[in-house]
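The values are calculated or read from the model by the stated rules, or taken from the named source; none is laboratory data. It should be emphasised that the depicted structure is a prediction, and the values quoted were computed from it without experimental measurement. Cβ: placed from backbone, ideal geometry, glycine included. Neighbour counts: every protein chain shown. For accessibility, only protein heavy atoms count, side chains too; no ligands or nucleic acids. Shrake-Rupley method; radii C 1.70, N 1.55, O 1.52, S 1.80 Å.
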Amino acid sequence: MATNSPSNSPSNSPSNSASNHTFSSTSAETALDMSLWAGRTDPEPNSERWHQKIQPLSQTAAPGCVLLGFESDAGVARNQGRTGAAQGPSALRKALAPLAWHRTGPAYDAGNVRCEGDALETAQQALADRLAALLKAEHFPVVLGGGHEVAYGSWLGLAQHLADNGEKAPRIGIINFDAHFDLRDPSHVRSSGTPFTQIADECAKRGWPFRYACLGISRAANTRALFNRAAQLGVMVREDRDFQPAHLECIRRDLERFMVRCDHLYLTIDLDVLPAGEAPGVSAPAARGVSLALIEPLIETIRDSGKLRLADLAELNPDHDIDSRTARAAARLVFQLALDT
């Protein structure tokens, strides 16, 4: 368990209690390393930070916010992007560790699911199994990617959980903040560019509705074929150029209308939706993008809807980050998602 002591010496480090713990349901999972949770401590009351409050997940843990890493570059490599996102979960934890603690409920670290080599489908299923178990235990999972191939594993975990609960045709609303549709044809290769087509295909097989909102799309980065596929699938689309302060309330209302028609929400944030100046450490930096200041209010609307079951963040690539800008932006988004007051 994380310590509230004023020292980060080895004798007081949370790593001593859990760094050797392994969640061992599959070979794709890795040891939980609590040593990443480190930072300053302040002597004043009510001055705790994330590194002092987060705990290693146990099977008897009370419901809370659970961070689960997805160490994968396979989907990005298959999509011919620049790799390095497998190191994203560790970088995000380090950036989140010193942030102030404002939660009332607990938060836990559940370690990582790792994609070994090109075994993407195995890793996605391992992620789905872990998420289904977390949802069954009434936790709120936040997955730390990893390439955006994480999205198929995340959705599959929620789908497994709902099917296990006996829901016949749940209306899962997928909200994706992204410069790209990620609706490429998966019949050739499954990658970070295909997860939402895979989800649409899976929904069709199950007889479930497919409800997808993609916010922050760059017209310059998506072909006409992708726009056509989005139209055929009834995707709610808002382009990056639509995101202006004067238009934000209109976008919020559109988003609220989308959410009303959903029973459950799955939020996925590809960090390449942010401008390259705010998020240089991604697979495909955005020439324009949508600023964090415009995204945050919409994240809060989704969080406070009462329907959000699961969230993930994708494409944090520390190899190409500058002064940890991307990691810090991602950490702030996790901070906002985890607020429960």
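For the range 119-158, which residues satisfy the criterion of being aromatic (Phe, Trp, Tyr) and assigned to a helix (DSSP H, G or I)? Hits for the range 119-158 are 152, 155.
Please verify whether residue 171 is in contact with a Lys or Arg (Cβ under 7 Å, 6 or more places away or on another chain), basic (Lys, Arg) and in contact (Cβ under 8 Å) with a residue 12 or more places away in the chain, treating the condition exactly as stated. Judged against the criteria, residue 171 is a match.
Report yes if residue 253 is in contact with a Ser or Thr (Cβ under 7 Å, 6 or more places away or on another chain), over 19 Å from residue 154 (Cα atoms) and modelled with pLDDT of 95 or more, otherwise no. Step through it out loud before you land on a result.
Working: in contact with a Ser or Thr (Cβ under 7 Å, 6 or more places away or on another chain): no; over 19 Å from residue 154 (Cα atoms): yes; modelled with pLDDT of 95 or more: yes.
No.
Being closer than 30 Å to residue 241 by Cβ, touching a residue at least 60 places away in the same chain (Cβ under 8 Å) and not charged (D, E, K, R) narrows it down to one of 200, 151, 137, so name that one. Testing whether each residue is closer than 30 Å to residue 241 by Cβ, touching a residue at least 60 places away in the same chain (Cβ under 8 Å) and not charged (D, E, K, R) leaves just 151.
Only residues that are open to solvent by 10 Å² or more (accessible area, probe 1.4 Å) and part of a helix (DSSP H, G or I) were counted across the range 298-328, and they come to 8.
Scanning the range 109-133 for residues that are open to solvent by 10 Å² or more (accessible area, probe 1.4 Å), within 15 Å of the chain's Cα centre (by Cα) and under 18 Å from residue 64 (Cβ atoms) yields a single hit, 130. Taken together, the residues in the range 235-257 that are surrounded by fewer than 18 Cβ atoms within 10 Å (Cβ to Cβ) and assigned to a helix (DSSP H, G or I) amount to 13.
Of all residues in the range 135-170, count the ones that are aliphatic (A, V, I, L, M), closer than 20 Å to residue 57 by Cα and open to solvent by less than 10 Å² (accessible area, probe 1.4 Å). Break it down stepwise before answering.
First pass over the range 135-170, keeping only residues aliphatic (A, V, I, L, M): 135, 137, 142-144, 150-151, 156, 158-159, 162-163, 169.
Those left that are additionally closer than 20 Å to residue 57 by Cα: 135, 137, 142-144, 158.
With the extra rule that they be open to solvent by less than 10 Å² (accessible area, probe 1.4 Å), the set shrinks to 142-144, 158.
So the answer is 4.
Scan the range 183-196 for residues that are assigned to a loop (DSSP other than H, G, I, E, B) and either surrounded by 17 or more Cβ atoms within 10 Å (Cβ to Cβ) or in contact with an Asp or Glu (Cβ under 7 Å, 6 or more places away or on another chain) (or both) and jot them down. Talk me through it step by step, then tell me what you get.
At the first step, the residues of the range 183-196 found to be assigned to a loop (DSSP other than H, G, I, E, B) are 183-194.
Matches in the range 183-196: 183, 184, 186, 190, 191, 192, 193, 194.
Of everything in the range 197-226 that is within 13 Å of residue 180 (Cα to Cα) and either surrounded by fewer than 17 Cβ atoms within 10 Å (Cβ to Cβ) or of a type in the set (S, T, N, Q) (or both), the residue that is nearest to the chain's Cα centre (by Cα) is 197. The single condition among (1) modelled with pLDDT of 95 or more; (2) within 14 Å of residue 144 (Cβ to Cβ) that residue 74 does not satisfy is (2). Residue 25 meets all of the listed conditions (1) open to solvent by 50 Å² or more (accessible area, probe 1.4 Å); (2) at pLDDT below 95; (3) closer than 20 Å to residue 142 by Cα; (4) outside any loop (DSSP other than H, G, I, E, B) but one, namely (4).
Among the residues of the range 262-297 satisfying the criterion of being among the hydrophobic types (A, V, I, L, M, F, W, C) and in a loop (DSSP other than H, G, I, E, B), which is farthest from the chain's Cα centre (by Cα)? Please lay out each step first, then the result.
In the first step, residues of the range 262-297 are kept if they are among the hydrophobic types (A, V, I, L, M, F, W, C); the result is 262, 265, 267, 269, 271, 273-274, 276, 279, 282, 284, 286-287, 290, 292-295.
From the residues that got through so far, the ones that are in a loop (DSSP other than H, G, I, E, B) too are 262, 274, 276, 279, 282, 284, 287, 290.
Values: 262: 19, 274: 15, 276: 19, 279: 15, 282: 14, 284: 17, 287: 22, 290: 17 Å.
Among them, the one singled out is 287.
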